[in-house]
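The values are calculated or read from the model by the stated rules, or taken from the named source; none is laboratory data. The shown structure was predicted, so the numbers you read here are calculated from the model rather than taken from an experiment. In this analysis, Cβ positions are derived from the backbone assuming ideal geometry, glycine residues included, and neighbour counts consider all displayed protein chains.
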Amino acid sequence: MSDDNDDTAQVLKLDLPVAPTVLIVDDDELVLAKLEEIVASAGYSVRTAHGGADAMRFLEDGSASVVVTDLKMPGMDGLELCRLIRGREWPGYIYIVLLTVQDEEEDILAGFEAGADDYVSKRTSKAQLMARLRTAKRILSLEHCLKIALENKRQLAMTDPLTGVFNRRYLVRHLGRELNRSQRFGGDVSLMMLDVDHFKRINDTFGHLVGDSALKQLTAKIAECLRRATDWCARIGGDEFVVVLEGANVEEARRCAEKVRQTVSGMSIDTPRGPVNITISIGISGLERFADKQSVTVQSLLDQADTSLYASKICGRNRVTLSDSNTPSSAREPADRRPTHASFVPVSSIR
């Protein structure tokens, strides 16, 4: 496998977006001034502190990711500062370099035990100090890159790769949390389950690339219709999607569904044979439609929405149906033209 296809190799090529800020801690003003000049001349942003307590205040403000601290200081010494830093949680790793005077092995080992990453003598050359800071930068760069890689993998695990909306795993996990919150504290949660009418015909006639394009354009149109920050969409398979409307009752969900349906019905997708219009069918379910709200589960909400979607399909498609209702909320047909239960066929054969 080439390096270009190796995730680890690509991570190691990354770097920090900006040079890390270095916090220099020493009770000696002359030492502080000298070290500040040296470190700043190498392109680092520098902060200074006159003791451990001042250093902790700077770190709590998120001011630095590298700490260069004197070992021997009055009040809080370098060892105690190391222990305090390692005993706290921070947004990112803090790299600690201890400044020593006599390079005694006992002091150096005590510093490592307290949580220091490196040490440097106050008698060392400027070149050696810069080399230690470059090591710190490499370590912080690696941590930064690994955090990005982990976040990307987390996003991939929760996102549909084709459309960019959430996937079934995300739906089950986060809908479950929202349902539990609504059951515990009150409030509503509603679902819209939808799919593309005659989607198989589109794939068979124009090919899967056209079908994929249709799904991507569909999710873009759905996003246009979802204005609240708490509304989100997930692809649960094929051309089937679920839109979760947190805090919305079924009437609000119906209005949103109608907006989505009308928006989609006005779109077209490009094919080798020219533009093709698509329509969608939508089924709605909601917590309020259940008599015993405490017994409602994610699966029962999805089952109810699927039943509503089924009703939209058998009544002619391109419409919205409320849960537990065989009468669509839009484009209603005369009673004598609606199919009877005897004409019902499996959903998979009519989508």
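What the table shows:
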{"quantity": "Residue tally, condition closer than 20 Å to K216 by Cβ and without any contact (Cβ under 8 Å) to a residue 24 or more places away in the chain, over segment 229-257", "calculated": "0"}
{"quantity": "Criterion: at pLDDT below 90 and closer than 27 Å to S125 by Cα - qualifying residue of S63, S45, S2, S41", "calculated": "S63"}
{"quantity": "In segment 256-308, the residues that are more than 30 Å from Q183 (Cα to Cα) and among the hydroxyl-bearing types (S, T, Y)", "calculated": "T263, S265, S268, T271, T279"}
{"quantity": "Helices (runs of 4 or more DSSP H) enclosed by segment 111-228 - at least 3 residues per element that are outside the structural domain of V260 (by TED's automatic domain parsing) and without any contact (Cβ under 8 Å) to a residue 24 or more places away in the chain", "calculated": "126-158"}
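To keep it simple, each residue is scored yes or no on (1) more than 25 Å from C225 (Cβ to Cβ); (2) out of contact with any helix residue (DSSP H, G or I) (no Cβ under 8 Å at 6 or more places or on another chain); (3) acidic (D, E); (4) modelled with pLDDT of 95 or more.
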position: S265; (1), (2), (3), (4): no, yes, no, no
position: T279; (1), (2), (3), (4): no, no, no, yes
position: S323; (1), (2), (3), (4): no, no, no, no
position: N326; (1), (2), (3), (4): yes, no, no, no
position: P346; (1), (2), (3), (4): yes, yes, no, no
